[in-house]
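Each remark here refers to the structure printed beneath this line.
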Amino acid sequence: MTSLISPRTILSQQAAPSEQGALFSSMACTEAVASMVSSTVYILIYNATIETFKGATFIVIAGMSVFYTILLGFMICLRTSKKIEYETHTEGPADGKTGVSSNGHSSSTL
């Protein structure tokens, strides 16, 4: 679970604030499905190779870790090459005496 902290951070920075709930819920579903599928696949690989090479499951796990590391490196490269900024708009009171200037700082008119 802690191995997914960095991808979560990267993806949350690339998603719009209004889309982050959907992003995290889809990531949680993906994690659950991947956990069920991977354990089943590892058991099948172990049972199929127990007579010839008992460590085949560990080789597959290592290969998946290498793939994950390459994918994470690719995500980090994309993140550094493309910065996304989101603008947030806040409105002042109805009387118009307090508001947010174009540079994002609060200003008041007295």
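Read-outs throughout are calculated quantities, based only on the coordinates presented, and are distinct from any laboratory measurement. All values derive from a computational prediction rather than experimental measurement. Heads up, the Cβs are rebuilt from the backbone with ideal geometry, glycines too, and the neighbour counts pull from every protein chain shown.
The 3J(HN,Hα) values that the Karplus relation (6.51, -1.76, 1.60; θ = phi - 60°) gives for region 23-36 are, in residue order, 4, 5, 5, 5, 5, 5, 5, 4, 4, 5, 5, 4, 5, 5 Hz. Gly and Pro appear as x. Here the simple spin-label model places points 7 Å from the Cα toward Cβ, and for Thr80 and Tyr46 these points are separated by 3.9 nm. In a fully extended conformation the segment linking Thr9 and Tyr68 would gain 19.7 nm over its present Cα-Cα distance, using 0.36 nm per residue. Length, then width, then depth: along the principal axes, the Cα atoms of region 11-84 run 52, 25, 8 Å. Distance between the 7 Å Cα→Cβ label points at Glu19 and Val37: 2.2 nm.
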